[in-house]
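Enquirer: Submitted below is the structure of interest, expressed as structure tokens.
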Amino acid sequence: MTLKLLLINGPNLNLLGTREPEIYGAETLPELVTAVQTYASEKGVELRHFQSNSEGELVTAVQEARHWADGIMINAGAYTHTSVAIRDAIAGVARPTVELHISNVHAREPFRHHSYLAPVCLGVIAGFGRNSYFLAVDALLGHIKISHAD
Ligand code: DQA
């Protein structure tokens, strides 16, 4: 059975490539997503992607993942630091979830140091640039394989 993962990107990540490239890099979101999907497919994993700038749409995407996804990776952007609703959705669907960030949020402004999502996620990957996405795939797959081996 093919494992299915959902990758969610939140607000302003659609601007990757032109948005503060000194922090977020020069690669566009479609380029990055294609590379991560290729990486996942080489591991026999189907990776679906959803991006939205809207908090409610992100909540709905997490909720709908309960019907089909084995795990979730989420870069919730600024909603990481503000959204009780996305946190409650992650807790509510009970799917293993990895929070990820391109930048090292702990080396930036204090308002980026707190995450509403982290306590209901498996763990957090932050600060590795585009590699944060690939590391998130490995982290989630490692967790799912270990929990299925029990
Ligand atoms: C981000 C970090 C957030 O603080 C910021 O609001 C983003 C991107 C990252 O990937 O580094 O939009 O999630």
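Enquirer: Within the range 63-89, can you find the residues that are outside any loop (DSSP other than H, G, I, E, B) and either within 16 Å of the ligand (Cβ to nearest atom) or in contact with an Asp or Glu (Cβ under 8 Å, 6 or more places away or on another chain) (or both)?
Expert: Going residue by residue through the range 63-89, those that are outside any loop (DSSP other than H, G, I, E, B) are 63-65, 71-75, 77-81, 84-89.
Once the filter is applied, which keeps residues that are outside any loop (DSSP other than H, G, I, E, B) and either within 16 Å of the ligand (Cβ to nearest atom) or in contact with an Asp or Glu (Cβ under 8 Å, 6 or more places away or on another chain) (or both), the range 63-89 yields Ile72, Met73, Ile74, Asn75, Gly77, Ala78, Tyr79, Thr80, His81, Ala85, Ile86, Arg87.
Enquirer: Being more than 14 Å from the chain's Cα centre (by Cα) and over 21 Å from Ala126 (Cα atoms) is the filter; apply it to the range 61-88 and report the residue that is least open to solvent (accessible area, probe 1.4 Å).
Expert: Here the residue is Ala85.
Enquirer: Right, here's the next one. Just need a number here: residues in the range 95-114 that are among the hydroxyl-bearing types (Ser, Thr, Tyr) and either touching a Lys or Arg at 6+ places or on another chain (Cβ under 6 Å) or buried (at least 21 other Cβ atoms within 10 Å of the Cβ) (or both). So that I can check it myself, show each step before the final result.
Expert: Kept after step one, since they are among the hydroxyl-bearing types (Ser, Thr, Tyr), are these residues of the range 95-114: 97, 103.
Right, trim to either touching a Lys or Arg at 6+ places or on another chain (Cβ under 6 Å) or buried (at least 21 other Cβ atoms within 10 Å of the Cβ) (or both) and you get 97.
The qualifying residues number 1.
Enquirer: Just name the residue that is surrounded by the fewest Cβ atoms within 10 Å (Cβ to Cβ) out of those in the range 1-16 that are in a loop (DSSP other than H, G, I, E, B) and under 18 Å from the mean Cα position of the chain (by Cα).
Expert: The residue in question is Asn12.
Enquirer: Something else now. Residue by residue through the range 125-147, note down the ones that are away from the ligand (no atom under 16 Å from the Cβ) and either at pLDDT 95 or above or of a type outside the set (S, T, N, Q) (or both).
Expert: To start, the set of residues in the range 125-147 that are away from the ligand (no atom under 16 Å from the Cβ) comprises 138, 140-147.
If the condition is that a residue be away from the ligand (no atom under 16 Å from the Cβ) and either at pLDDT 95 or above or of a type outside the set (S, T, N, Q) (or both), then Asp138, Leu140, Leu141, Gly142, His143, Ile144, Lys145, Ile146 are the ones that fit.
Enquirer: Hey, another quick one. Which condition from (1) in contact with a Phe, Trp or Tyr (Cβ under 7 Å, 6 or more places away or on another chain); (2) within 11 Å of the ligand (Cβ to nearest atom) is the one that Tyr39 breaks?
Expert: With respect to (1) in contact with a Phe, Trp or Tyr (Cβ under 7 Å, 6 or more places away or on another chain); (2) within 11 Å of the ligand (Cβ to nearest atom), Tyr39 is out only on (2).
Enquirer: If I ask for residues that are away from the ligand (no atom under 14 Å from the Cβ) and either part of a helix (DSSP H, G or I) or of a type outside the set (Gly, Ala, Ser) (or both), which ones from the range 17-32 would you list? I'd like the intermediate steps shown before the answer.
Expert: Of all residues in the range 17-32, those away from the ligand (no atom under 14 Å from the Cβ) come to 26, 28, 30-31.
The answer is Thr28, Pro30, Glu31.
Enquirer: Could you run through the range 100-124 and say how many residues are touching a helix residue (DSSP H, G or I) at 6+ places or on another chain (Cβ under 6 Å), of a type in the set (A, V, I, L, M) and either near the ligand (Cβ under 10 Å from one of its atoms) or in a helix (DSSP H, G or I) (or both)?
Expert: Counting residues in the range 100-124 that are touching a helix residue (DSSP H, G or I) at 6+ places or on another chain (Cβ under 6 Å), of a type in the set (A, V, I, L, M) and either near the ligand (Cβ under 10 Å from one of its atoms) or in a helix (DSSP H, G or I) (or both) gives 4.
The values are calculated or read from the model by the stated rules, or taken from the named source; none is laboratory data. On a predicted model such as this, the values are computed, not experimentally measured, just so you know. Quick reminder, even Gly has a Cβ in these numbers, built from the backbone with ideal geometry, and neighbours come from all protein chains shown. Quick note on the areas: whole protein, heavy atoms, side chains included, nothing else; ligands and nucleic acids left out. Shrake-Rupley method; radii C 1.70, N 1.55, O 1.52, S 1.80 Å.
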